[in-house]
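Notes to accompany the following structure.
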Amino acid sequence: MPDGWDGPTLVGRLLAQRGIQDRSSADQFLQAPLTGVHDPDLLPNIIEVAQAILTELDNEEGRTLWIHGDYDADGITGSTILTRMLRQLRPEASVQIHVPDRMTEGYGISVAKLEEIAEAGDRMVVSVDCGITALEAATRAEELGLTLLVTDHHKPLQDESGELCLLSCLLGKNRDIFFPKLSEQLYLTSFSDIAERYIKYFGFEPYHCATEQEARDKSAELIKSKYWPCYFFKSDTSGEKDFEEFFTDKEILDMN
């Protein structure tokens, strides 16, 4: 618990797990003032990118600047914050958000939406929380004459990360970027395995369903028989890391 913390116990424990040790640091983290954010100049080429965005906002042809977000929590909030900021900077400009439908469009930058934007005569798209693996979308954007600016925190595709790191070292002016090494020799546990063990811990047996609707329809009948309906589906967030590594305080880590 952070020193001097008098708020909810659960919140205090979560703050302590993040390394926050005193009340002053906790207040800084929870209030998140703009004076506490990282210097935006740390982002390579940010000045050129910002100028390109402002130039497009100042266009006199009535074009719209599009923010292409993601459908998860950071994608939606990030898109909203960026859009509100741009509208405050240029109240007369047209700025719109597109968040893809998870079921019909899937994860990542929508090629169909890019084609729709280009057909309407607009020229710039800024991604938020997606795009690092969108090679098809980037190629299509270039063909359509669109300027695509990608802001994303995910990992490049596995077969490209080495080339990107090499190019960064050879061509980058500063701030080298390193991607974590991943070992396929580790003992891996899937989220579905964790879920099934959790279900068994409470005395139920997992019952695999082919669809979410099947799981809903059979839930009452199955639970009476000590079975728990499960619907596991393949993740489509290809930009995420392939797996997570967790360590205990008793393990010695090889950081080389």
Query - Residue tally, condition open to solvent by less than 20 Å² (accessible area, probe 1.4 Å) and of a type in the set (A, V, I, L, M, F, W, C), over region 110-121 - result: 2
Query raised in the report: Looking only at region 30-47, which residues are in a helix (DSSP H, G or I) and either open to solvent by 70 Å² or more (accessible area, probe 1.4 Å) or modelled with pLDDT of 90 or more (or both)?
Result: LEU30, GLN31, LEU34, THR35, PRO40, ASP41, LEU42, ILE47
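Given ALA26, ALA50, which one is open to solvent by less than 70 Å² (accessible area, probe 1.4 Å) and within 22 Å of the chain's Cα centre (by Cα)? Even if it seems obvious, please write down each step before you answer.
Values: ALA26 fails: within 22 Å of the chain's Cα centre (by Cα).
From the options ALA26, ALA50, the qualifying one is ALA50.
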Query raised in the report: Conditions: (1) of a type outside the set (Val, Ile, Thr); (2) at pLDDT 85 or above; (3) in contact with a Gly (Cβ under 8 Å, 6 or more places away or on another chain); (4) open to solvent by less than 50 Å² (accessible area, probe 1.4 Å). LYS226 meets all but one. Number of the miss?
Result: (4)
Query raised in the report: Being in contact (Cβ under 8 Å) with a residue 12 or more places away in the chain, open to solvent by 50 Å² or more (accessible area, probe 1.4 Å) and at positive phi, is that true of even one residue in region 56-64?
Result: yes
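Just checking, which of PHE232, PHE243 is open to solvent by less than 70 Å² (accessible area, probe 1.4 Å), at pLDDT below 95 and part of a loop (DSSP other than H, G, I, E, B)?
Details: PHE232 fails: open to solvent by less than 70 Å² (accessible area, probe 1.4 Å).
Within the list PHE232, PHE243, the selection yields PHE243.
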Query raised in the report: Which residues, counting only those in region 95-141, are in contact with a strand residue (DSSP E or B) (Cβ under 8 Å, 6 or more places away or on another chain), within 24 Å of GLY62 (Cα to Cα) and charged (D, E, K, R)?
Result: LYS113, ASP122, ARG123
Report task. Answer with yes or no whether ALA138 is modelled with pLDDT of 70 or more, open to solvent by 40 Å² or more (accessible area, probe 1.4 Å), assigned to a helix (DSSP H, G or I) and among the hydrophobic types (A, V, I, L, M, F, W, C). Result -> yes
Report summary line: Scanning region 8-18 for residues that are loosely packed, with under 10 Cβ neighbours inside 10 Å and either part of a loop (DSSP other than H, G, I, E, B) or of a type in the set (A, V, I, L, M) (or both) gives PRO8, LEU10
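Conditions (1) part of a loop (DSSP other than H, G, I, E, B); (2) in contact with a strand residue (DSSP E or B) (Cβ under 9 Å, 6 or more places away or on another chain); (3) over 21 Å from ILE117 (Cβ atoms); (4) among the basic types (Lys, Arg), marked per residue:
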| position | (1), (2), (3), (4) |
| --- | --- |
| MET1 | yes, no, yes, no |
| ASP6 | yes, no, yes, no |
| ILE20 | yes, no, yes, no |
| VAL49 | no, yes, no, no |
| ALA52 | no, yes, no, no |
| GLY62 | yes, yes, no, no |
| TYR71 | yes, no, no, no |
| GLY75 | no, yes, no, no |
| THR80 | no, yes, no, no |
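Take VAL99 and decide whether it is at pLDDT 95 or above, aliphatic (A, V, I, L, M) and either touching a helix residue (DSSP H, G or I) at 6+ places or on another chain (Cβ under 7 Å) or open to solvent by less than 80 Å² (accessible area, probe 1.4 Å) (or both).
Answer is no for this residue.
The values are calculated or read from the model by the stated rules, or taken from the named source; none is laboratory data. Quick caveat, the model's predicted, so the values are computed rather than measured. Positions of Cβ are generated from backbone atoms using ideal geometry, with glycine treated the same way; all protein chains shown enter the neighbour counts. Protein only, heavy atoms only, side chains kept; ligands, DNA and RNA dropped before computing areas. Shrake-Rupley method; radii C 1.70, N 1.55, O 1.52, S 1.80 Å.
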